[in-house]
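No value in this document is a laboratory result; all are computed from the given coordinates. Quick caveat, the model's predicted, so the values are computed rather than measured. FYI the Cβ positions are ideal-geometry reconstructions off the backbone, even for glycines, and counts take in every protein chain you see.
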């Protein structure tokens, strides 16, 4: 993955941080990674082609995979916004209508 997807992801991250009122700089590196600098440094890079994941997110030395840009945004917001209350979805097998 190179070019447009990384550039669009960089733009999405920049606009998301602005919407969340988080002041950080977002930069695209020469090796197709995205770096968010500040107190907490975050590096987002495309996952290897043979991976089931699309992105790898490194926060504070810990690297975690992300299936989508939505997952990247969630990881970034959790790392940078201490007041963010993450909502988790739980999927369970159950009848559509309770009996």
Legend entry - FRET efficiency estimate (nearest 0.05) - Cβ-Cβ, residue 71 to residue 7, R0 22 angstrom: 0.70
Legend entry - Extension reserve of the residue 63-residue 20 stretch, reckoned as 0.36 nm per residue once the Cα distance is removed: 13.2 nm
Inset, instruction - Would you kindly state how much longer the chain becomes between residue 53 and residue 37 on full extension, computed as 0.36 nm times their sequence separation minus their alpha carbon distance, in nm to one decimal? - result: 3.4 nm
Legend entry - Three-way shape call for the stretch 27-92 based on the alpha-carbon gyration tensor, with the a/c threshold at 1.5: oblate
